[in-house]
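The values are calculated or read from the model by the stated rules, or taken from the named source; none is laboratory data. Since the structure is predicted, the reported quantities are computational estimates derived from the model, not experimental observations. Heads up, the Cβs are rebuilt from the backbone with ideal geometry, glycines too, and the neighbour counts pull from every protein chain shown. Each accessible area value is taken on the protein alone, full model and side chains, heavy atoms only, with ligands, DNA and RNA left out. Shrake-Rupley method; radii C 1.70, N 1.55, O 1.52, S 1.80 Å.
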Amino acid sequence: MPQEIEKDLYRIEIPLPETPLKYLNAYVIRGRERHLLVDTGLNHDECLAALRDGLAAIDVDLADTDIFITHLHADHFGLVARLASDRTRVYFNRPDAEIIESWEGFGPMLAYAGHHGFPVDRLRAALKAHPGSRFGTDWVPPLQILSEGDAITVGDYVWQCVETPGHTVGHTCLYDPSRKLLIAGDHLLIDITPNIQCWSDTQDPLRHYLASLDKVDAMDVRLVLPGHRRLFADHRRRISELKRHHQERLAEVMTLLAGGPFNAYETAARMTWDLQAPSWSDFPVAQQWFATGEALAHLRYLEEEGRIRRQNHQDIIRFYRTG
């Protein structure tokens, strides 16, 4: 059954089959004429059934419901094409929409990973089998682009868009200042750390993420409604924990590179991960992919700070400490 958070504001837990996250928090705001659904789940029959059952339980008709997607990842975006009709307004952000519009497959990511030491053939197979690939959207309905400060009024709620890049380039939260509620997507999560990955030399996602944390820290938030796990208060305490986590990660990478140079894959293999496996070689390839992307985010941050540099030998990039 959906959880009533406040009057006309509900959470529906959408199962995420074959993923360690287990479920997505989809939020529904009931209005007088139109309702709003925030995030959808994977393009999977089990997700669709859970969402339809949840909407029916709170007497919300999908035909009268618009959709806001916090970011482009398949567990948030994947089901949208099976939900949207000609009457549905699908709200989204411009940076993530541009990735969808220019998408040509995983080729550039595979090449980039290869330059940073990842065994490409193993990664290609893992990406093909990943739920995000298998259960992504079949097509993309027309998107209504919203930006920082734009508002969506639903019933007695007025939700303002808050751009929080980092987890993706266009990640956007919704904030109701009168109620001090933040629908946070994957920007703030409790118990688990949002994954910050880098797969391009034009990006510095960790820097953007830390700036987004500072931005939300300055906001008056009574309750955080995250994309996964439980709701929580005291957002500043969680932000402090997340910032400390990344500072410790940066320090760990600097310490590791004292024995380098290492490429990103080698760096990730030496980092500390909260995963039950005897060794790096026992990690599932998909988890090695996430870990290497996160290592790259920290390496790029340190590189932009001038604390490390890169060397390219036989088309493999390795990093070493300056000084």
Open item on the list: So, in region 63-116, how many residues would count as being under 16 Å from P142 (Cβ atoms) and acidic (D, E)?
Closed with: 5
Open item on the list: Given the criterion of a type in the set (K, R), out of contact with any Leu (no Cβ under 8 Å at 6 or more places or on another chain) and at pLDDT 95 or above, identify the matching residue among R238, R270, R318, R300.
Closed with: R318
Open item on the list: I need the full set of residues from region 72-125 which are open to solvent by 20 Å² or more (accessible area, probe 1.4 Å), more than 30 Å from S281 (Cβ to Cβ) and part of a helix (DSSP H, G or I), in order please.
Closed with: R82, R94, P95, E98, I99, I100, E101
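I'd like the full set of residues that are in contact with a strand residue (DSSP E or B) (Cβ under 9 Å, 6 or more places away or on another chain) and open to solvent by 30 Å² or more (accessible area, probe 1.4 Å), limited to region 151-164. Before the answer, list the steps.
As a first pass, look at region 151-164 and keep what is in contact with a strand residue (DSSP E or B) (Cβ under 9 Å, 6 or more places away or on another chain): 151-155, 157-164.
Of everything in region 151-164, those that are in contact with a strand residue (DSSP E or B) (Cβ under 9 Å, 6 or more places away or on another chain) and open to solvent by 30 Å² or more (accessible area, probe 1.4 Å) turn out to be A151, T153, V158, Q160, E163.
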- [ ] Could you tell me which numbered condition E6 fails, if it satisfies all but one of (1) touching a Lys or Arg at 6+ places or on another chain (Cβ under 9 Å); (2) more than 17 Å from R230 (Cα to Cα); (3) surrounded by fewer than 15 Cβ atoms within 10 Å (Cβ to Cβ); (4) among the charged types (D, E, K, R)?
- [x] (2)
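Table: residues versus (1) in a helix (DSSP H, G or I); (2) open to solvent by 10 Å² or more (accessible area, probe 1.4 Å).
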| residue | (1), (2) |
| --- | --- |
| D201 | no, yes |
| A211 | yes, yes |
| R238 | yes, yes |
| L242 | yes, no |
| Q247 | yes, yes |
| T255 | yes, yes |
| A268 | yes, no |
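With the structure loaded, tell me whether E33 is without any contact (Cβ under 8 Å) to a residue 60 or more places away in the chain, within 12 Å of T65 (Cβ to Cβ) and open to solvent by 10 Å² or more (accessible area, probe 1.4 Å) or whether it fails that test. First the steps, then the outcome.
Working: without any contact (Cβ under 8 Å) to a residue 60 or more places away in the chain: yes; within 12 Å of T65 (Cβ to Cβ): yes; open to solvent by 10 Å² or more (accessible area, probe 1.4 Å): yes.
Criteria met by E33.
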Open item on the list: I'm trying to understand the selection: among the residues of region 304-318, which are in contact with a Gly (Cβ under 9 Å, 6 or more places away or on another chain) and farther than 13 Å from A264 by Cβ?
Closed with: R307, D315
Open item on the list: For a quick check of your reading of the model, give me the residue pairs whose first member lies in region 269-294 and is closer than 20 Å to G166 by Cβ, whose second is assigned to a helix (DSSP H, G or I) and of a type in the set (S, T, Y), with beta-carbon atoms closer than 7 Å and at least 6 apart or on different chains.
Closed with: T292/Y265
Task: Of residues in region 129-138 being under 25 Å from D201 (Cβ atoms) and in a helix (DSSP H, G or I), the one least open to solvent (accessible area, probe 1.4 Å) - done: G132
Task: Complete set of residues in region 252-276 that are hydrophobic (A, V, I, L, M, F, W, C) and over 24 Å from the mean Cα position of the chain (by Cα) - done: M254, L256, L257, A258, F262
- [ ] Examine region 288-296 for a residue that is part of a helix (DSSP H, G or I), open to solvent by 10 Å² or more (accessible area, probe 1.4 Å) and at pLDDT 95 or above, and state whether such a residue exists.
- [x] yes
- [ ] Determine which single condition I183 fails, assuming it passes every other condition in (1) among the hydrophobic types (A, V, I, L, M, F, W, C); (2) under 30 Å from D315 (Cβ atoms); (3) open to solvent by less than 10 Å² (accessible area, probe 1.4 Å).
- [x] (2)
